[in-house]
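Each value in this text was obtained by applying a stated rule to the coordinates, not by laboratory testing. Computed from a prediction, not measured in an experiment: that's the story for all the values here. Every residue, glycine as well, gets a Cβ built from its backbone with ideal geometry; the counts of neighbours run over all protein chains shown.
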Amino acid sequence: MARQLDSVLGHNKTIEKLTSSIATGSLFTSAIFTGPEGVGKKKVAISLSQEANCARSPACGHCAECVRFSMIPNEGYLLLEPENGKIKIEQVRDVIDYLSLRSRLKDRFIIINEAEKLTPQAANALLKSIEEPPQGVHFILVTSNLAMLLPTIRSRCQVVSFSALSTDDLKKMVPGLEDWQAEWSFGRVTLAQKIIEDEWQQLRKTSINFLHRPLDGNIFANMAREFSDNSKFEYIFHTWMTYLRDAMVSHARPHQHLYNRDIESYVHKFADHRNLQKNQEALFTVTSDYLGNVDKNLILENLALALES
Ligand SMILES: [Zn+2]
């Protein structure tokens, strides 16, 4: 067992502030951790439970509390995550059960990952606890979509912002990552870990082929298969957005630096044949439809038609 926070790269200032507020006993009761997807927000949230319960600062990594931190189930924190795209009121009951357990720990954490996926009912059921948690309990809502949290929740929490990781940090975390891949990943570890793997490279190809020829039957069918998998959405969407961004840039300023440097000639070709403004609007519609739980196949059909219009 080691100190968890030591394995987090970047975010030095944010971590310093958090640990010093633990040391002075002034840690927030409820907070929102916000920032880009895949930069380590959840990991920092979980690590705070070790940091707060170890008698030393920084956490020592080998006392009884630190060792207990590695056990599952872990008494120090409860993690709620979306099931089938939502965090429902039934899951909030786990929070209430957890809060009713007696604990010898000084601090306990309730971590709600992808908190923007709380249903309004679930969010409302949590309001009172978030406003006045029991002694020693801290709520952390983790999100990359701060604007999608209910204002009533936001107003009750301290906001802790995380920024994207630097290209160098990313390359340290993901060995073998090339420069263009690091930049393409926008400082997100989750994307960097994927872009170096063959399977995900293939998915990038599929996604870009779809942008070029969305109404081709085979290409559409391939894309639809991938798109129906929720765990691939972020990657596919990022692929589309960076590609479109590159097309717009290459059109306006031909010698500007592109993210998709390995396939520049395709980008130029795309830029020459499309109404990029309209294509961009079509992609924005995809996120709002996706978050609004519109049927996946319908989202893709609409996109295909809008791209070609
Ligand atoms: Zn310790």
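Observations, loosely collected:
- Whether the chain is rounded, prolate or oblate, judged on the alpha carbon gyration tensor where a/c under 1.5 counts as rounded: prolate
- Packing, as the average of other Cβ atoms within 10 Å across residues, places the peptides 49-58, 88-97 in the order 49-58, 88-97, highest first.
- FRET E, pair SER26, SER70, Förster distance 41 Å, beta-carbon r, rounded to 0.05: 0.90
- Bridge type composition, segment 4-163 - antiparallel percent by DSSP, nearest 5: 5 percent
- 0 to 90° range, to nearest 10: angle between helix 233-252 axis and the chain longest Cα axis: 50 degrees
- Relative exposure of HIS62, HIS238, HIS268, judged by other C-beta atoms within 10 Å (fewest first): HIS62, HIS268, HIS238
- Cross-link table LYS172/LYS194; LYS172/LYS205; LYS13/LYS41; LYS106/LYS128; LYS17/LYS172; LYS171/LYS194, entries beyond 19 Å C-alpha to C-alpha: LYS172/LYS205; LYS106/LYS128; LYS17/LYS172
- Angle in degrees between helix 12-23 and the longest Cα principal axis of the chain, rounded to the nearest 10: 20 degrees
- Alpha-carbon centroid distance for the pair segment 169-201 / segment 15-92, whole angstrom: 26 Å
- Relative contact order %, the chain, counting alpha carbon pairs below 8 Å whose residues are six or more apart: 17 percent
- Residue by residue, segment 293-309 carries 3J(HN,Hα) couplings of 6, 5, 3, 4, 5, 5, 4, 5, 4, 4, 5, 4, 5, 5, 5, 8, 6 Hz when phi is fed to the Karplus relation 6.51 cos²θ - 1.76 cosθ + 1.60 (θ = phi - 60°); x denotes Gly or Pro.
- Under-5 Å amide H pairs with VAL159, H placed in peptide plane, nonlocal only: ILE32
- Prolate/oblate/rounded call for segment 168-309, Cα gyration tensor, a/c under 1.5 rounded: oblate
- Whether segment 1-115 is rounded, prolate or oblate, judged on the alpha carbon gyration tensor where a/c under 1.5 counts as rounded: oblate
- Degrees between helix 41-53 axis and first principal axis of the chain (Cα, 0 to 90, nearest 10): 10 degrees
- A simple spin-label model places pseudo-atoms 7 Å from Cα toward Cβ; at GLU301 and ASP262 they are separated by 3.4 nm.
- Proximity of backbone amide H atoms, modeled 1.01 Å from N, is registered between PHE139 and SER30, ALA31, ILE110 at under 5 Å, excluding neighbours fewer than 5 places apart on the same chain.
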